[in-house]
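The values are calculated or read from the model by the stated rules, or taken from the named source; none is laboratory data. Treat the numbers as computed from the prediction; the structure is a model and nothing was measured. Backbone-built Cβ (ideal geometry, glycine too); neighbour counts: all protein chains shown.
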Amino acid sequence: MLGHDRRNTSSTGLTVPDDSLTARRVLRIGKPDRTDAPIYASNRILLARSETRSLTSGAFALEPGTGEQLWHNPDVVDYTTPSVYGETAIFSGGANTFAVDIETGRVYWRRNVGGSGFYQTHLKRDDRIVVRSGRRVVALDAYTGETRWQSKELGVPYGLAADDDRIYVTTGGTDVPALRALEWTTGETAWEVEGIAPVLYPVVSEGQVLYTDVETGTLWAFDAASGERLWHYETVDADAPPAVSPDGETIFLSGIDEPQLHVVSAANGTREWSVQAQSAYQPLVTGESVFLAGYDIVERLSLSRREVTDSIQFRGKVTSPLALGPYGPILIAQSASSTYFAYVTTPEDDSE
């Protein structure tokens, strides 16, 4: 789940209520290209916002039902998707990483390392926080922020994922882009696969690293231990990371240009079924539904009925992936006045 799951599976066994989807604004956003996705943790919406002439920047915690501001820290980096581990939120970007108390917004520590964007820029295992910074991946002490190790120069790290054994990173900015596996304890390279478009983040599930190559529309499955290519699934134009069902058996793959959701076996990459739908971002999978964010719409697809059963139409573009809130997805989208807001779905009507 975005903001919590270092495997990036974008799934949860929780069941979303069957109420019709409606969207409530909770915070106005400045520049959508400088604001990553909001997340939900400990009954709070957490997000970071960039500064404009009329809006202050920094990190925010909001009450999800009303949008009431619980705290605001203007000193925290303004362009990142936070991750939450226990009662600590990690905000990393703009060459800075902050560990923040999610109850109060107080900063535990700050270090001059960290990279912005791409929705998942920090991971945790035991006493280590891993962030991407410059052309390296860096491990910090989770309690003090001190550097534990840094990788060699890899090119520009884009997306990160991890399991208990390794960190997986896509890298570009060199003649040969690659997907690499790094050791958790040292940051040394365990294996690498070259020649894969590096602009998305990998997904880890059941001993496999899954990655969508946006140049070819191909979903690849690699052995997490060795990097061996296990299988691939070809589409016309899939351009978003896959999601994985809570039981790890099924993969959901889509894109904005090809209006089709592909449902694929995780065991061998064969198609199980498909349905007409589109998603500009990684699907969000719950116990009974798949949520998809199209250009200006969020749709809910019933897994039992294999059809779209509900939707929310926005007045402009959806600009963030979906994360799960208390009632349904949370996201950032454009309003009728061409301004941008963070939205939380609720069972109550709330007009724009």
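What residue, of L301, L322, is in contact (Cβ under 8 Å) with a residue 40 or more places away in the chain and closer than 20 Å to R49 by Cβ? Residue meeting the stated conditions: L322. Looking across region 161-198 at every residue that is outside any strand (DSSP E or B) and touching a residue at least 60 places away in the same chain (Cβ under 8 Å), the one that is surrounded by the most Cβ atoms within 10 Å (Cβ to Cβ) is identified as D163. Just to be sure, is T250 buried (at least 17 other Cβ atoms within 10 Å of the Cβ), over 18 Å from the mean Cα position of the chain (by Cα), at pLDDT 95 or above and not small (G, A, S)? Against the criterion (buried (at least 17 other Cβ atoms within 10 Å of the Cβ), over 18 Å from the mean Cα position of the chain (by Cα), at pLDDT 95 or above and not small (G, A, S)), T250 qualifies.
Residues that are within 16 Å of L21 (Cβ to Cβ), of a type in the set (S, T, N, Q) and at pLDDT 90 or above are absent from region 261-269. One residue stands out among those in region 1-27 that are at pLDDT 80 or above and at positive phi: the one that is surrounded by the fewest Cβ atoms within 10 Å (Cβ to Cβ), which is S10. Have a look at T56, T81, T66 and point out the one that is polar (S, T, N, Q) and within 18 Å of the chain's Cα centre (by Cα). One residue alone meets the criteria, T81. Residue count for region 28-40 satisfying the condition of being modelled with pLDDT of 85 or more, of a type in the set (D, E, K, R) and either in contact with an Asp or Glu (Cβ under 8 Å, 6 or more places away or on another chain) or over 17 Å from S338 (Cβ atoms) (or both): 0.
Within region 210-239, the residues that satisfy the criterion of being part of a strand (DSSP E or B) and under 15 Å from L200 (Cα atoms) are L210, Y211, T212, D213, T218, L219, W220, A221. For S274, the conditions (1) part of a strand (DSSP E or B); (2) under 21 Å from P17 (Cα atoms) are fulfilled apart from (2).
The set of residues from region 312-352 being loosely packed, with under 15 Cβ neighbours inside 10 Å and not in a loop (DSSP other than H, G, I, E, B) comprises just one member, Q313.
For the condition among the polar types (S, T, N, Q) and closer than 22 Å to Y158 by Cα, S245 does not qualify.
Of all residues in region 141-157, those satisfying the criterion of being among the hydroxyl-bearing types (S, T, Y) and more than 15 Å from E183 (Cα to Cα) are Y143, T144, T147.
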